[in-house]
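Peer 1: Take a look at the following structure, please.
The values are calculated or read from the model by the stated rules, or taken from the named source; none is laboratory data. Remember, it's a predicted structure, so these values are computed and weren't measured experimentally. No Cβ is skipped: glycine too gets one built from the backbone with ideal geometry, and neighbour counts run over all protein chains shown.
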Amino acid sequence: MQETEAVERARHEIEVCNACRYCEGFCAVFPALELRREFSAGDVSYLANLCHGCRGCYYACQYSPPHEWGINIPRALAEVRAESYVEYAWPPGFARAFERNGTLVSLVTALSIALVLILSMAISAPGQFFKARPMEADAFYSVIPLWAMQVVGLASFGYALLALWMGARNFWKDAGPAESVGVVALGIALWDVLTLKNLGGGQGVDGCNDNSERFSMRRRYLHHAMFYGFMLCFAATTVGFFYHSFFGWAAPYAYLSVPVVLGTVGGVLLTIGTIGLFAMKLIEDPMPVARRMLAGDVALLMLLAMSAITGLVLLAVRATGAMPLAMAIHLGFILALFLVLPYSKMVHGVYRSAALLRRATERNMKPLGGE
Amino acid sequence: MPDLRKTYDVLVAGGGNAALCAAITARQAGASVILLESAPKAFRGGNSRHTRNLRAMHDKPNDVLTDAYHEDEYWDDLLRVTGGNTDESLARMTIRASSGVFGWMRDCGVRFQPSLTGTLNLGRTNAFFLGGGKALLNAYYLTAERLGIEIMYDTEVVSLNMDDGVVRSVDITNRGFPETLHARCVVASSGGFQANLDWMRQYWGDAVDNFVIRGTPYNRGRVLKNLLDQGVAAIGDPTQCHAVALDARAPKFDGGITTRLDSVPYSVVVNQNGDRFYDEGEDVWPKRYAIWGRLIAQQPGQIAYSICDAKAFPLFMPSVYPAIKADTIEELAVKMKLDPVKVRQTVDAYNAAVIPGQTFDNLKLDGNKTAGLTPNKTNWARTVDKGPFYGYPLRPGITFTYLGVRVNERAQVMMENGQLAGNLFASGEIMSGNILGKGYLAGFGMTIGTVFGRIAGQEAARHARN
């Protein structure tokens, strides 16, 4: 991690926290910083990515604005987080993708939809594109051939996984030598990721702060809806892939089949989660957040929401003449999602998980100094 | 919006822990309540915003406190720090009540950290607020709003107009505009006067210009002075205040906890002439913490400098300010604007006087001392010779003042003529001198504020509705 103004600012604020320590019960960040007395840029980046942005510490802080010190840990760490996404991006030449991330995600999405539409219209026979197809095997693939979907899907998703993995490696190395990773640490980190324990306000019951010192579980629940909705959609796709490849059962599947049920429930949850989180951005207190993150955050939320909504629309119109158009648009969004995956807000999940894993490996270390 | 023409059952002057405990309790007892906080909303809560815990008696471990802390041990601790300058019946009542406040606090949204076995010395005696005092205040203010207590910020109580021991009306300024309010009962929970430098100057002279006020700038003692001027009985030594050693670079007000410095026992401490003036190793730091403020206040310019070497540097928690660092003692002295020759002489004399050979142990009184110096250092004395050298400037940091109003066990304010005030109650720092006449016990201010706030609220509500 490079020394930047954001890192300097965050380091200064962390040092104030380390002399105070009142917030140590809120989340993983404070116990982690109490293990250190000096903070390298890599340490600052580790703490920044450990921060879930719950804002509990901001409203509890005796030094938050308008105090002359203006301590604002959620914002200071979010600023470093934004820079860390640039720093760890792989390949390094693509780091600029994070500079105007909202624009980039929007552009890629528009181009992907246009591309899939144009290609699918180009390969269908003249006058056939808007014709209703009987709901029989391979109806979808008469619009876009199965091999094309699989090649493009696997290639783009495979690339995304590789790029995310390389980014995580850069992050892990940057935070300095780590304790060895055991099964227990993995289990703890996985639990923290899946439950979003650190959005629980310290005791798991209060949640986090949205626009005032009042606590609420809204954000945690909405994120759960989004995350588990996404995973269900992913599971639906995977089940469909297996059905087709190993059992020879071709789409479309019945409404009560496993892939359709998974996809429908997932799509609804994903829509609720993403729209809900977007709505919260409209009402949130602008102080403890980093403005530069906003465009990228909203772009990804909208991309996810539109992926889910167009999937549900496709399900609704699959027996009509609107199916090819709906499918092309849906797959355009999915293609965009896969393409921007390693260069979008999505990376926060990877770095956050890695930070939680590192924190789990340090769990038995004792704080330095203190009362 | 509060109705300023209405006669409220209970008017609370102040906006810290004791004020909120009183206001919420009174409201829960059915009274209509208005609370007047002199600070703007962002700085509400008086000194409570800088606190962290509450000292509580308990007979067995619970989810926030380890082991046990019985009434007698608590009382002995209080007796020791106050040197007997306390009221046993009020103190014991407070101690006993401290064990029963948790349920009510939790109902008001206050959260505690789980008990931290072994990591904090105070984990046995003190319950830690999750997020500290400001988080506690946030919870209380949200509760107060939910219950329909009228809260006015930027509103200072100027005068409680008393007539024959009864408060008839209350003069305030709201955002600078004068108003007069009426209430059946008044609870004074407006703190001490440590932020009123002109008042402090009466006792300390111009030395106050070099004092750091650790807490809120809004504790100006206006209500306290107003009451004492109207024949309310005073308690506590007006000249005394709780003063600790702080990093001299702290802001004048509101620096809170992070400006404290624990370097003294492992350092050589000199005044601005470069002379040592007190035994740095007299006792473990928590016991000496509160005498060093006074010691420094008595030095020229109210400033001192703690100097240690690379051996000692890792032994204490740093303050929020970086240490001043240099490769030689002379260079360090120059950086701290001290006479390098004089500081060199002082350190050389100290180094020569260290009696070598004992095992150094920073966890107990280790008996490593100097011989032949005035004054000697009696523990943790080691030569200061391994560079780099580190220095911190120190100033007196004022936490609170001891002067207050006399109260009885029902938090009723007493008059100089021995009568009880008819409708006036007090809680928190403004009356803590009844129990804590001298010294300090960590977390005891919050205990007094919570216990007496609850009593004052209860009594005021009952009185107003009779």
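Peer 1: Do the conditions hold for A:L222, that is, is it under 17 Å from the mean Cα position of the chain (by Cα), closer than 25 Å to A:A354 by Cα and surrounded by fewer than 16 Cβ atoms within 10 Å (Cβ to Cβ)?
Peer 2: no
Peer 1: Of the residues A:G204, A:G240, A:G248, A:G200, which is touching a Phe, Trp or Tyr at 6+ places or on another chain (Cβ under 8 Å), at pLDDT below 95 and of a type in the set (G, A, S)?
Peer 2: On the way: A:G204 fails: touching a Phe, Trp or Tyr at 6+ places or on another chain (Cβ under 8 Å); A:G248 fails: touching a Phe, Trp or Tyr at 6+ places or on another chain (Cβ under 8 Å); A:G200 fails: touching a Phe, Trp or Tyr at 6+ places or on another chain (Cβ under 8 Å).
Selected residue: A:G240, the only one of A:G204, A:G240, A:G248, A:G200 that is touching a Phe, Trp or Tyr at 6+ places or on another chain (Cβ under 8 Å), at pLDDT below 95 and of a type in the set (G, A, S).
Peer 1: Restricting to the range B:311-357, count the residues that are part of a loop (DSSP other than H, G, I, E, B), over 23 Å from B:P286 (Cβ atoms) and within 14 Å of another protein chain (Cβ to nearest Cβ). Before the answer, list the steps.
Peer 2: Our first condition is that a residue be part of a loop (DSSP other than H, G, I, E, B); within the range B:311-357, this holds for B:311-312, B:316-323, B:327-328, B:336-339, B:355-357.
Subsequent filtering for residues that are over 23 Å from B:P286 (Cβ atoms) retains B:322, B:327-328, B:336-339, B:355-357.
So of that shortlist, the ones also within 14 Å of another protein chain (Cβ to nearest Cβ) come out as B:322.
Total meeting the criteria: 1.
Peer 1: Check whether at least one residue in the range A:343-358 is under 22 Å from A:F129 (Cα atoms), out of contact with any Gly (no Cβ under 9 Å at 6 or more places or on another chain) and either away from chain B (no Cβ under 14 Å) or among the aromatic types (F, W, Y) (or both), and report yes or no.
Peer 2: No - not one qualifying residue is present in the range A:343-358.
For every residue, the table says whether it meets (1) assigned by TED's automatic domain parsing to the domain that holds B:T346; (2) among the charged types (D, E, K, R); (3) more than 22 Å from the chain's Cα centre (by Cα).
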{"position": "B:N210", "(1), (2), (3)": "no, no, no"}
{"position": "B:N219", "(1), (2), (3)": "no, no, no"}
{"position": "B:L224", "(1), (2), (3)": "no, no, no"}
{"position": "B:G231", "(1), (2), (3)": "no, no, yes"}
{"position": "B:T259", "(1), (2), (3)": "yes, no, no"}
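Peer 1: I'm checking my understanding of the structure. Among residues of the range B:126-181 that are among the basic types (K, R) and either part of a strand (DSSP E or B) or more than 14 Å from every other protein chain (Cβ to nearest Cβ) (or both), which one is farthest from the chain's Cα centre (by Cα)?
Peer 2: B:R168
Peer 1: Out of the residues in the range B:83-133 that are closer than 26 Å to B:A22 by Cα and of a type in the set (S, T, Y), which is modelled with the lowest pLDDT?
Peer 2: Filtering first and then ranking leaves B:T125.
Peer 1: Among the residues that make up the range B:407-422, is at least one of them buried (at least 21 other Cβ atoms within 10 Å of the Cβ) and closer than 26 Å to B:D247 by Cβ?
Peer 2: No, every residue in the range B:407-422 fails to be buried (at least 21 other Cβ atoms within 10 Å of the Cβ) and closer than 26 Å to B:D247 by Cβ.
Peer 1: Determine, yes or no, whether B:G103 is surrounded by 14 or more Cβ atoms within 10 Å (Cβ to Cβ) and either under 22 Å from A:F215 (Cα atoms) or within 11 Å of chain A (Cβ to nearest Cβ) (or both).
Peer 2: no
Peer 1: Quick one: B:A42 ticks every box in (1) out of contact with any helix residue (DSSP H, G or I) (no Cβ under 8 Å at 6 or more places or on another chain); (2) touching a residue at least 24 places away in the same chain (Cβ under 8 Å); (3) more than 11 Å from B:Y141 (Cα to Cα); (4) not polar (S, T, N, Q) except a single one, so which number is it?
Peer 2: (2)
Peer 1: Any residue in the range B:268-297 that is of a type in the set (S, T, Y) sitting within a Cβ distance under 6 Å of a residue that is assigned to a helix (DSSP H, G or I)? List the pairs, counting only those 6 or more apart or interchain.
Peer 2: Correct list of pairs: B:Y278/B:L295.
Peer 1: Restricting to the range A:20-64, give me the number of residues that are under 27 Å from B:P217 (Cβ atoms), part of a loop (DSSP other than H, G, I, E, B) and at the interface with chain B (Cβ under 8 Å from one of its Cβ atoms).
Peer 2: 3
Peer 1: Within the range A:89-130, which residues are among the β-branched types (V, I, T) and within 17 Å of A:F338 (Cα to Cα)?
Peer 2: Passing the criteria: A:T103, A:V105, A:V108, A:T109, A:I113, A:V116.
Peer 1: Take the residues in the range B:40-75 that are buried (at least 21 other Cβ atoms within 10 Å of the Cβ) and of a type in the set (G, A, S); name whichever of them is farthest from the chain's Cα centre (by Cα).
Peer 2: Within the range B:40-75, the match that is farthest from the chain's Cα centre (by Cα) is B:A56.
Peer 1: List the strands (runs of 3 or more DSSP E) that sit entirely inside the range B:1-113 and contain at least 1 residues that are over 30 Å from B:K287 (Cα atoms) and either of a type in the set (G, A, S) or not assigned by TED's automatic domain parsing to the domain that holds B:E459 (or both).
Peer 2: In the range B:1-113, the matching strands (runs of 3 or more DSSP E) lie at B:7-13.
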